[in-house]
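The values are calculated or read from the model by the stated rules, or taken from the named source; none is laboratory data. Fair warning: this is a prediction, and the values are worked out from it, not measured in the lab. In this analysis, Cβ positions are derived from the backbone assuming ideal geometry, glycine residues included, and neighbour counts consider all displayed protein chains.
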Amino acid sequence: MHNAITLTQFLIQDQRRIVTASGELTSLLNDIVIACKHIANVVNKGALIGVLGSAESENIQGEEQKKLDVISNDIVLTRNEWGGHLAGMASEEMEDVYNIPPQYPRGKYLLVFDPLDGSSNIDINMSVGTIFSILRCPEDVVEPTATDFLQPGTEQVCAGYAVYGPSTMIVLTTGNAVNGFTLDSNVGEFFLTHENMRVPENTEEFAINVSNERFWEPPVQRYIDECIKGANGPRGKNFNMRWVASMVAEVHRILTRGGIFMYPKDTKDKSKPGKLRLLYEANPMSLIIERAGGMATTGRERILDILPEELHQRIPVILGSKKEVEIVCSYHREMD
């Protein structure tokens, strides 16, 4: 296995294919990888070092923060602020943009991230993860504001996630392909283990929080009802349901064996058009899914085409195997 290519080797070889590449993106990704290793180590130790449980604080969205939310956020910031590759950062856990401290040089990229996705699973020892997206900072901007981060998902330079499960993996897209790397903790390196990951077009598996069924719009109710009816219903085949309550875990399963993940628009809280954050969750995961041959939508529009209006904007998310997502979209068109 250790004849396999390391993540660092992969990034350098990828960089060499681009004549104009400066190496800044490669260096930035290496800093992100180090942050993910650090977070993996802390998550792995859990109760042994007293990091489980509530931080007794709330993030900007009014959600309870876990201790590991705060710790992971600090790790990403401190591991990436000094390298000279970034002009600024934005996190799901912070109200405003994080400015690079004045003692460090500025770079040409912006980093947005969810430091610990699925943190409600921490205390029960289930998979959690880190999601990140890299954007270009507008030219001549030295101190970026929130407005500079409001770029459509099509403008992402790179997107990826780390999943902290039975093994720690980083899944990454820097071009047209999606590749997965597994951490060998004895060596301290990520090795390429899942090359050119693809989402199967057909699936018999869906992931959604069925307890919210009464709040869904009719197109989603119709789709899930048809799945539940199985071989005796209009779909003519049986489906399985999965729900981990961690977007990283859901997307990772879809990349490895297919499926559809939905956190659709609902009426549970009419002040929120959706649950998931566009910049920190929906955009990076949509880029990964699309480049792996899948599809990502709100039900009415392609997620990557949405022009963000604010830093913590929420949207509905439906993504996964292309044929299933297209069926849900067709039901929305019929209703509209």
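Within the option set Ile254, Ile228, being part of a helix (DSSP H, G or I), over 25 Å from the mean Cα position of the chain (by Cα) and either at pLDDT 95 or above or surrounded by 14 or more Cβ atoms within 10 Å (Cβ to Cβ) (or both) holds for one residue only, Ile228. Checked against (1) over 29 Å from Asn125 (Cβ atoms); (2) touching a residue at least 24 places away in the same chain (Cβ under 8 Å); (3) touching a helix residue (DSSP H, G or I) at 6+ places or on another chain (Cβ under 8 Å), Met262 meets all criteria but (1). When Glu58 is tested against (1) touching an Asp or Glu at 6+ places or on another chain (Cβ under 8 Å); (2) farther than 30 Å from Asp140 by Cβ; (3) at pLDDT 85 or above, just one condition goes unmet, and that condition is (3). If I filter the range 101-115 for residues that are on the phi > 0 side of the Ramachandran plot and surrounded by fewer than 15 Cβ atoms within 10 Å (Cβ to Cβ), do I get at least one hit? Within the range 101-115, none of the residues are on the phi > 0 side of the Ramachandran plot and surrounded by fewer than 15 Cβ atoms within 10 Å (Cβ to Cβ). So, of the residues in the range 286-305 that are touching a residue at least 40 places away in the same chain (Cβ under 8 Å) and among the small types (Gly, Ala, Ser), which turns out to be surrounded by the most Cβ atoms within 10 Å (Cβ to Cβ)? In this case the residue turns out to be Gly294. Each residue in the range 25-57 was checked for being over 21 Å from Ala162 (Cβ atoms) and charged (D, E, K, R), and 1 pass.
Of the listed requirements (1) assigned to a strand (DSSP E or B); (2) in contact with a helix residue (DSSP H, G or I) (Cβ under 7 Å, 6 or more places away or on another chain); (3) over 21 Å from Ala159 (Cβ atoms), Ala90 misses just one: (3). So which residues in the range 140-187 are in contact with a strand residue (DSSP E or B) (Cβ under 6 Å, 6 or more places away or on another chain), aliphatic (A, V, I, L, M) and part of a loop (DSSP other than H, G, I, E, B), if there are any at all? Of everything in the range 140-187, just one residue is in contact with a strand residue (DSSP E or B) (Cβ under 6 Å, 6 or more places away or on another chain), aliphatic (A, V, I, L, M) and part of a loop (DSSP other than H, G, I, E, B), namely Val157.
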